[in-house]
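> Quick one: structure below, then a few questions.
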Amino acid sequence: MRGGNMQNMMKQMQKMQKKMAEAQEELGEKKIEGTAGGGMVTVIVTGHKEIVDVIIKTEVVDPDDIDMLQDLVLAATNDALKKAEELTNQTMGQFTKGMNLPGMF
């Protein structure tokens, strides 16, 4: 009986690992937008936190105030990465619910 329980548990773990891998893959395909300056700067990242696009509206480009543009790009990037992190936690957290595993997602 004991061996059967262990075998069943191993099958369940393998099934969960497969689902986790699929969820990770789906995260990589998701696109998340972060914005700053009321949409003047938009940064798009994947669920794997890879920046794939930066969109800057021409109205915000002022050669005399490059610092403001840099701040907006930084703020939009941080916004996008924060949203990607939240999506990762939400998506992957379903696998660790109730397990109390420090450092996981």
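The values are calculated or read from the model by the stated rules, or taken from the named source; none is laboratory data. Everything quoted here is computed from the prediction, not taken from an experiment. Cβ: placed from backbone, ideal geometry, glycine included. Neighbour counts: every protein chain shown. The protein model used for the area step is the full one, side chains on, heavy atoms only, and it has no ligands, DNA or RNA in it. Shrake-Rupley method; radii C 1.70, N 1.55, O 1.52, S 1.80 Å.
> Those residues that are open to solvent by 70 Å² or more (accessible area, probe 1.4 Å) and free of Cβ contacts under 8 Å to residues at least 24 places away in the same chain, I need them from the range 31-47; list them, please.
Of everything in the range 31-47, those that are open to solvent by 70 Å² or more (accessible area, probe 1.4 Å) and free of Cβ contacts under 8 Å to residues at least 24 places away in the same chain turn out to be LYS31, GLY38.
> Please indicate, with yes or no, whether at least one residue in the range 12-30 is more than 22 Å from the chain's Cα centre (by Cα), open to solvent by less than 60 Å² (accessible area, probe 1.4 Å) and free of Cβ contacts under 8 Å to residues at least 12 places away in the same chain.
No: the range 12-30 contains no residue that is more than 22 Å from the chain's Cα centre (by Cα), open to solvent by less than 60 Å² (accessible area, probe 1.4 Å) and free of Cβ contacts under 8 Å to residues at least 12 places away in the same chain.
> Restricting attention to the range 64-80, does a residue exist that is at pLDDT 95 or above, under 22 Å from the mean Cα position of the chain (by Cα), within 27 Å of LYS97 (Cβ to Cβ) and not acidic (Asp, Glu)?
yes
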